[in-house]
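The values are calculated or read from the model by the stated rules, or taken from the named source; none is laboratory data. Quantities reported herein were computed from a predicted structural model and do not represent experimental measurements. Glycine also receives a Cβ, built like all others from the backbone with ideal geometry; neighbour counts cover every protein chain displayed.
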Amino acid sequence: MGFEGADALDGTRIAADLREDPLGLSPAAARSVAATLLADGRFSEPYCEWLPTWYELGLIAPVRYGEWRLRRVAAAVADAAAVTVAAPRFSRPRDVTIDGRPALARVSGFRERFLLADALLHLEWFDHAAAADGVEVPAALVDRTRQESLSYYGGDRDRLSEPVRRFQRLLFADDAWVRRVDESYGLDSRLFGLWERLLRAERERLASA
């Protein structure tokens, strides 16, 4: 999308430094890492609330444990570099109305809820992580993407504007991240496989729209 500041940090170098000495990062790198870890940890519980109850109940315990672990690591990284990083707040269904109705009034199936949740929460995740990295994402684009995406995935809108469609196509590219996690930890997870397929299909659909 050509955001200003996108090249300010060297992600490859930070990843290497993190493996070698996670408590020896520069303040800028530590802020980036801690912000990402906090966002990753906080992301999943609100996400579960957008999905069917059986899904939320099945994952809530490991999700909360994962957040606790990530918060501990984030705090250690931030403290070592003497930086302060706050966790983001992600939207839950009770916080949102779509075209004048409750957020989930017009979505019922797992796929529909999954895509609605990802379109909103991944936008919020990206906005938080980008700010920590010094990437300037125009507030007007974030607001427009939020409003259009909510209506498109959960309301009356039948198409996304071109800037929002391109932005969401990039946000839905986390299918690659899901696959890497599954492969790196040897999970061979059916759930991760489902997430990857849904994300990839939506990314490809947006690319061809």
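General remarks:
- Qualifying residue in the range 115-125 (condition: charged (D, E, K, R) and within 17 Å of the chain's Cα centre (by Cα)): yes
- Checked against (1) modelled with pLDDT of 95 or more; (2) within 19 Å of the chain's Cα centre (by Cα), Pro62 passes all but a single condition, namely (1).
- Residues in the range 125-163 that are assigned to a loop (DSSP other than H, G, I, E, B), surrounded by 14 or more Cβ atoms within 10 Å (Cβ to Cβ) and not hydrophobic (A, V, I, L, M, F, W, C): Gly134, Gly155, Arg157.
- When the test is whether a residue is more than 23 Å from Leu25 (Cα to Cα) and either at pLDDT 95 or above or in a helix (DSSP H, G or I) (or both), Ala74 does not pass it.
- Per the listing Arg190, Arg200, Arg159, Arg205, the residue uniquely in contact (Cβ under 8 Å) with a residue 40 or more places away in the chain and either more than 26 Å from Ala105 (Cα to Cα) or charged (D, E, K, R) (or both) is Arg159.
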